[in-house]
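Colleague: To start, I am sharing the structure in question, which I have written as structure tokens.
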């Protein structure tokens, strides 16, 4: 029996970024709390414990608490991104949620100047 390798179909490189994340529905209600695991130019992977009142295709606001590049003020700032849920996967007792970012201006430079 031969082994067939599947090539990686990802279009963009993932960068590991771990920061607190909150997902809100379009009405502003919190539907999931967790942390980012990785980001790409068009999406963010968020993981966390239940409950997760989410479903694939749902439009959400994703809020990430990222380092503040300024030397004064708060150490972290809140980055809000519009998107929709592409995939929800169970990983043990936690959930893994892939959010596709629909904002055209999203860039890894928004997260931290060092990325």
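What follows is calculated from the coordinates using simple rules that are stated; it is not laboratory data. Predicted, not measured: the structure shown is a model, and the values here were computed from it.
Colleague: D for the stretch 46-93, whole µm²/s, Stokes-Einstein with Kirkwood Rh over alpha-carbon pairs at 25 °C and 0.890 mPa s: what number?
Modeller: For the chosen part, D equals 189 µm²/s.
Colleague: Working only with C-alpha atoms, what are the Rg and Dmax values of the stretch 15-106, expressed in angstrom?
Modeller: 12.8, 41
Colleague: Let me ask something else about it. Using Cα-Cα distances under 8 Å and only pairs 6 or more residues apart, what relative contact order does the stretch 15-106 have, in percent? Each step should come with its number before you reach the end.
Modeller: Details: 226 pairs, mean separation 24.8, N = 92.
Relative contact order of the stretch 15-106: 27 percent.
Colleague: Calculate, in nm to one decimal, what residue 100 and residue 75 gain on full extension: separation in residues at 0.36 nm each, minus their alpha carbon distance.
Modeller: Once the chain is fully extended between residue 100 and residue 75, it gains 6.3 nm.
Colleague: Gain in length, residue 26 to residue 89, computed as 0.36 nm per residue apart minus the alpha-carbon separation, to one decimal in nm?
Modeller: Gain on extension, residue 26 to residue 89, equals 20.5 nm.
Colleague: Work out, step by step, the length gained on full extension between residue 14 and residue 56: first 0.36 nm times the residue separation, then minus their alpha carbon distance; give nm to one decimal. If you can, show how the numbers build up before the last one.
Modeller: Values: separation 42, 0.36 × 42 = 15.12 nm, distance 2.08 nm.
That works out to 13.0 nm of additional length.
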